[in-house]
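Peer 1: Mind having a look at this structure? Questions to follow.
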Amino acid sequence: MPKIKMPKSSPSIDMTPMVDLAFLLVTFFMLAAQFKPEELVAVEIPTSIAENEIPPKNIIGITISPDNKILFNVDGIDRRQQMLKSMSAKYKIDFTPQEYEKFGKMGMFGAPMARMKDFINTKDEGERKKFPNLGIPVDSLDNQLRDWVFVSRMAFGADPANQPVITIKADNNTEYKSVHAVIEALRDNKANAFTLITSLEGKNQ
Amino acid sequence: MAELGGGGDSGGGKHGKARAKKSSNRVDMTPMVDLAFLLLTFFVLTTTFRTPQIMEITVPAKKEKDDPIKPTKFPGAITVYLAEKNKIYWIKGELPKDVPPTLTPTSYGKDGIRKVFLDNNKKLNDEIKAIEKDALAGKVPMDSVSPRTNRLKGASMKESNGQYGLLVVIKADDKSSYKNLVDMFDEINITNVANYALVPLTPLDKQALEGLK
């Protein structure tokens, strides 16, 4: 009987296919990545059966936190700087070119105009989240949200192909009172059509 | 660690013969793979795939003198009250002028308010369902559905057609939550309600809700 030959095999596994796959996935995710947008407040959005997707750009975003703070966001650096310029003229607060620069890139914001300078000069996101006067006032006497909506719509201009979509994003537990205040601020600006951001739910629920 | 085939020549001494150093011709890829997986994990965790959906809402334009819409024009209108703690009440028809309305409690969801809407909007809902069915079967183009249903909704509110479409008046309490409102719009979309209006509570309404606490 011939001797049983043990097959010669290397103790190490060939990892090439795995590495190939890993890189493939890395490449895919890098290219497909859409980073989660910066958020100053955690908002858990309700589910609905609405199926329209949010457009990728030209958005005026209003976020209402669970404790009824109102935050604002508009995309486009030039537009944002133009907005701040209009607000600066209206509220007679001057901003430095550096502050314009920083505001343009900031993302979501929300502070009374009197504190806006301090808000812009915060170091980073973390500091902004803890900003003591976070939130845009919507009181009937001091409705700054109405002005922000106005200047942001002005910043979009009259080009019909470039009109913004106004979105309201609020938490499940946000009180209707503040939602109502936001809707009234929009109506004051004749922005009678807007959208509510929701996440998809099963159709038969 | 990382080696590339060939190997170094550190062996060359004074009187050394040129010796080919024994070295593996494999590159150690471990660090690279580590990094690849690190990146992979990072991108997997930070990517958002499902973009959120948007629900379109239209509110009536503000007039100079803010006069609330008159549900009395639509005798079949249903007024829904969204109260705090996820409570919901409804009443059909004209609201009394000088006493608080008598409200019927119900619930969010299939067997609650949706059933109320469906019962009161049966004709319009069936018509719209038929159009959608035709579109799904390929009898009519898909993009004609929305204009047709909108026209139908408009026509169903006309007096000459007998006003068979349902008008829903939503009155939300300050303490009700945003989720309640979205759920309400959801039910309106599901049941193909012809028209809706978001109206503030009157003192009488508040009195009625207070009495139900």
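Peer 1: What part of the accessible area of region B:71-212, given as a whole %, is carbon or sulfur when the probe is 1.4 angstrom?
Peer 2: It is 53 percent, rounded to a whole number.
Peer 1: A further question on this structure: What does the extension gain come out to for A:Asn58 and A:Asp14, with contour length at 0.36 nm per residue minus their alpha carbon separation?
Peer 2: Computed gain between A:Asn58 and A:Asp14 is 10.9 nm.
Peer 1: Among B:Leu124, A:Met6, A:Pro137, which residue has its Cα positioned farthest towards the positive end of the charge dipole of the protein assembly as shown, with +1 placed on the Cβ of Lys and Arg, -1 on the Cβ of Asp and Glu, and the dipole taken about the Cα centre?
Peer 2: Highest projection toward the positive end goes to A:Met6.
Peer 1: As a test of the definition: with a 1.4 Å probe, what buried accessible area, both sides summed, do you compute for A against B, in Å² to the nearest 100?
Peer 2: 4600
Peer 1: Give, as a single signed number, the net charge of other residues whose beta carbon lies under 9 Å from the beta carbon of A:Leu134, with Lys and Arg counted +1 and Asp and Glu -1.
Peer 2: +4
Peer 1: What does the helix-only formula give at 222 nm for chain A: each DSSP H stretch with n ≥ 4 adding -39500 (n - 2.57), the total divided by the residues, and the result rounded to the nearest 500 deg cm²/dmol?
Peer 2: So the helix-based figure for chain A works out to -11500 deg cm²/dmol.
Peer 1: How much accessible area per residue does the protein assembly as shown have, in Å², with a 1.4 Å probe?
Peer 2: 60
Peer 1: Would the protein assembly as shown count as rounded, prolate or oblate if I go by the C-alpha gyration tensor, calling it rounded below 1.5 in a/c and otherwise prolate when a/b exceeds b/c, oblate otherwise?
Peer 2: prolate
Peer 1: Also, quick follow-up: Kindly flag which residue pairs out of A:Lys90/A:Lys117; B:Lys92/B:Lys213; B:Lys97/B:Lys171; A:Lys169/B:Lys62; A:Lys102/A:Lys129 have an alpha-carbon separation exceeding 18 Å in this structure.
Peer 2: B:Lys92/B:Lys213; A:Lys169/B:Lys62, as the Cα separations exceed 18 Å there.
Peer 1: Using only the Cα atoms of region A:47-200, what semi-axes does the equivalent ellipsoid have when each is the square root of 5 times a gyration tensor eigenvalue? Give whole Å, largest first.
Peer 2: For region A:47-200, the ellipsoid semi-axes come out as 23, 19, 16 Å.
Peer 1: For A:Lys5 and A:Asp75, what is the calculated FRET efficiency with R₀ set at 60 Å and r taken between the beta-carbons, to the nearest 0.05?
Peer 2: Working from the Cβ atoms, E equals 0.30.
Peer 1: Still on this structure, please answer the following. Between region A:153-185 and region A:16-95, what's the alpha-carbon centroid distance in Å?
Peer 2: Computed from Cα coordinates, the inter-centre distance equals 14 Å.
The values are calculated or read from the model by the stated rules, or taken from the named source; none is laboratory data. Because the structure is a prediction, the values reported are computed rather than measured. Reconstructed Cβ throughout: ideal geometry from the backbone, glycine too, with neighbour counts over all protein chains shown. Please note that ligands, DNA and RNA were not included when accessible areas were found on the heavy atoms of the full protein model with its side chains. Shrake-Rupley method; radii C 1.70, N 1.55, O 1.52, S 1.80 Å.
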